[in-house]
Amino acid sequence: MADTLLELAGITKTYPGVIALDNVSLRVMRGEVLGLIGENGAGKSTLMKILGGVAAPSAGTIRIDGHDHAALNVNAATRAGIAFVHQELNLFENLDVAANVFIGREKLAMGPLMLVNNAAMRARVAPLLARLGADFAPDTPVEMLSIAQRQMVEIAKALSIDARVIIMDEPTSSLTLSETERLLQIIADLKASGVSVIYISHRLGEIMTCADRVVVLRDGRMVGELGRDALSHAAMIRLMIGRDLKSLYIPPRQPPQPGGCDMADIRTTAFPDRTASLSVRHGEILGLAGLVGSGRTSLARTVFGIDPLLAGEIRLDGKPVAIGNPREAIRQGIYLVPEDRKRAGLILEMPIRENVTLANLPHHARALLIDRKSEARTARAQAASLSIKAPNVETQAITLSGGNQQKVVLAKWLSMQPRVVIFDEPTRGIDVGAKTEIYALMRGLADRGVAIVMISSDMEEVIGVSDRIAVMHEGRVSGLLERDQFSEYNVMRLAIGQALEAAEGTA
């Protein structure tokens with residue numbers, strides 16, 4: 001086709017005993033946004049590594065501007081105008097913006113010493129930042145930038161090589177709502193200027209907003225393509241998981257039970273001049289919504305004993321409890337599944353067995369020595385119960401998918417006696433199929449009488465999973481919604497600090 005920029009034809013990639021990609025073909029048109037979706041392990045990353053020259057296909061052809069290539073290397077991909085904006089940003093915090101944009105391609109000043117010409121690099125970067133609407137200068141140290149601003153630096157880096165195709169991998173996973181909206185506008189501007197974007201995301205709402213077409217991978221195969229007029233959540237989910245889902249979410253099966261956890265007039269270090277009060281009952285999932293920075297995670301960290309409780313009281317079943325550190329919270333049966341599972345929830349170099357039993361080592365100790373057989377029994381039982389996909393419990397956590405890593409974090413707490421479990425962004429970076437499993441596990445805990453607090457920035461998730469929704473704004477709980485009041489409009493009004501209108505009430 002005349003406006004086809006690049007094409008992957010019959011791409012296959014095999015590793016010993018594994019077919020990562022099986023005869024995948026797709027094309028990217030000039031000036032379009034192509035959504036690339038699929039569950040974790042579907043082959044998206046492998047396909048992009050081949051396109052970026054990091055891996056070579058076992059079979060198939062890469063066609064750029066009508067010229068065929070059996071494989072690309074990184075330099076060839078860069079010369080062809082293919083650039084990446086990775087989920088984990090690759091920037092040097094000790095350098096300024098311009099130096100990061102031209103890293104490895106530094107402009108040199110003529111002379112006997114061939115020094116780096118910082119002025120020339122900053123002059124080249126300034127119009128790129130202006131094109132992106134950036135509010136920082138080329139000489140700004142990267143360590144002073146927010147995540148969203150650092151992402152702009154990565155995009156400026158791509159534009160500096162005259163990129164014609166920019167691959168964005170989960171670009172909004174750490175962005176606020178307003179920052180996400182700004183990124184989607186930048187993508188629209190790139191498209192209007194003729195740049196193509198391959199947009200990889202588990203957030204199907206964003207795909208619906210920005211994609212012209214969507215390609216779906218499942219188990220290493222391309223299973224479908226959806227044009228703009230055929231895009232819908234249901235259609236994308238059906239292709240991704242191979243079956244229809246009437247609902248991603250599981251409704252409550254029984255009413256909440258008496259008692260639970262009360263957080264009364266809590267003052268946190270994030271908002272020392274404000275108080276937050278919240279109650280969650282046994283057997284319910286309380287959604288905790290709000291904009292990033294509203295105090296949700298700070299409240300969770302305080303209740304779990306990571307951050308100090310400046311004032312207020314925590315009560316379990318009406319009785320005050322003193323929680324000065326996580327050990328005391330764990331002793332009371334209050335557990336936290338943290339937002340950043342890789343840094344705060346797991347020790348990635350440890351096997352599943354050790355991660356599952358780490359919080360309860362005395363239970364597996366014999367004469368001050370760890371009983372590995374006891375650990376293995378517990379870990380195997382939890383792995384079977386939670387359907388953790390791994391060869392065995394000696395598998396290192398770092399090798400697991402995001403969904404299975406989250407299950408290991410949850411297995412750590414389920415092997416004990418939870419009374420209250422706080423989930424902070426429980427499905428961030430997890431594919432649709434794994435999300436449904438996490439939701440089912442949460443609902444199962446609630447059915448057992450555990451009180452669940454779920455912090456989430458995903459509006460659909462908050463509305464779909466919660467039995468009630470509490471909304472925070474600037475350190476305070478600005479409102480509480482019952483199920484007949486659930487709507488994105490109501491949540492957003494409370495999240496920005498506005499009261500519900502008198503006529504509001506049903507969604």
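The values are calculated or read from the model by the stated rules, or taken from the named source; none is laboratory data. Computed from a predicted model, the values in this text were never measured in an experiment. No Cβ is skipped: glycine too gets one built from the backbone with ideal geometry, and neighbour counts run over all protein chains shown.
Looking at segment 251-294 only, could you name the residues that are surrounded by fewer than 24 Cβ atoms within 10 Å (Cβ to Cβ) and over 24 Å from residue 418 (Cβ atoms)?
265, 267, 269, 270, 271, 272, 273, 274, 275, 291, 292, 293
For segment 30-55, enumerate the residues that are under 28 Å from the mean Cα position of the chain (by Cα) and either of a type in the set (Ser, Thr, Tyr) or farther than 29 Å from residue 433 by Cβ (or both).
Passing the criteria: 31, 45, 46, 53.
Among the residues in segment 17-33, are any on the phi > 0 side of the Ramachandran plot and at pLDDT below 85?
Scanning segment 17-33 turns up at least one residue that is on the phi > 0 side of the Ramachandran plot and at pLDDT below 85.
If I ask for residues that are under 16 Å from residue 472 (Cβ atoms), among the polar types (S, T, N, Q) and touching a strand residue (DSSP E or B) at 6+ places or on another chain (Cβ under 6 Å), which ones from segment 257-282 would you list?
275, 277, 279
Scan segment 399-455 for residues that are in a loop (DSSP other than H, G, I, E, B) and either among the basic types (Lys, Arg) or in contact with a strand residue (DSSP E or B) (Cβ under 8 Å, 6 or more places away or on another chain) (or both) and jot them down.
Listed by number, the residues that qualify are 416, 418, 419, 425, 426, 428, 448, 449, 450.
Which number in (1) touching a Leu at 6+ places or on another chain (Cβ under 9 Å); (2) of a type in the set (D, E, K, R); (3) without any contact (Cβ under 8 Å) to a residue 40 or more places away in the chain marks the one condition that residue 44 misses?
All conditions are met except number (3).
Could you figure out which of (1) among the basic types (Lys, Arg); (2) over 21 Å from residue 298 (Cα atoms); (3) within 19 Å of the chain's Cα centre (by Cα) isn't true of residue 428?
(2)
So that you can scan it fast, the table gives a plain yes or no per residue for (1) in contact with a helix residue (DSSP H, G or I) (Cβ under 7 Å, 6 or more places away or on another chain); (2) among the aliphatic types (A, V, I, L, M); (3) under 25 Å from residue 218 (Cβ atoms); (4) without any contact (Cβ under 8 Å) to a residue 40 or more places away in the chain:
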position	(1), (2), (3), (4)
331	no, no, no, yes
339	yes, no, no, no
353	yes, no, no, no
362	no, no, no, yes
371	yes, no, no, yes
377	no, no, no, yes
383	yes, yes, yes, yes
419	no, no, no, no
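Name the residue that is modelled with the highest pLDDT, counting only residues in segment 239-262 that are within 30 Å of residue 175 (Cβ to Cβ) and touching a helix residue (DSSP H, G or I) at 6+ places or on another chain (Cβ under 6 Å).
240
Go through (1) under 21 Å from residue 467 (Cα atoms); (2) more than 15 Å from the chain's Cα centre (by Cα) for residue 408 and report which single condition fails.
(1)
Looking at 90, 75, which is the one that is of a type in the set (S, T, N, Q), surrounded by fewer than 19 Cβ atoms within 10 Å (Cβ to Cβ), at pLDDT below 90 and within 30 Å of residue 342 (Cβ to Cβ)?
Among 90, 75, only 90 is of a type in the set (S, T, N, Q), surrounded by fewer than 19 Cβ atoms within 10 Å (Cβ to Cβ), at pLDDT below 90 and within 30 Å of residue 342 (Cβ to Cβ).
Here's the yes/no breakdown for (1) under 16 Å from residue 337 (Cα atoms); (2) among the charged types (D, E, K, R); (3) surrounded by 17 or more Cβ atoms within 10 Å (Cβ to Cβ):
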| site | (1), (2), (3) |
| --- | --- |
| 428 | yes, yes, yes |
| 445 | yes, no, yes |
| 462 | no, no, yes |
| 466 | no, no, yes |
| 497 | no, no, no |
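Looking only at helices (runs of 4 or more DSSP H) that fall completely inside segment 320-391, which ones have 3 or more residues that are surrounded by fewer than 20 Cβ atoms within 10 Å (Cβ to Cβ)?
326-331, 372-386
Need a quick list: strands (runs of 3 or more DSSP E) entirely within segment 14-84 having at least 1 residues that are closer than 29 Å to residue 184 by Cβ and touching a strand residue (DSSP E or B) at 6+ places or on another chain (Cβ under 6 Å).
Per the criteria, 18-29, 33-37, 59-64.
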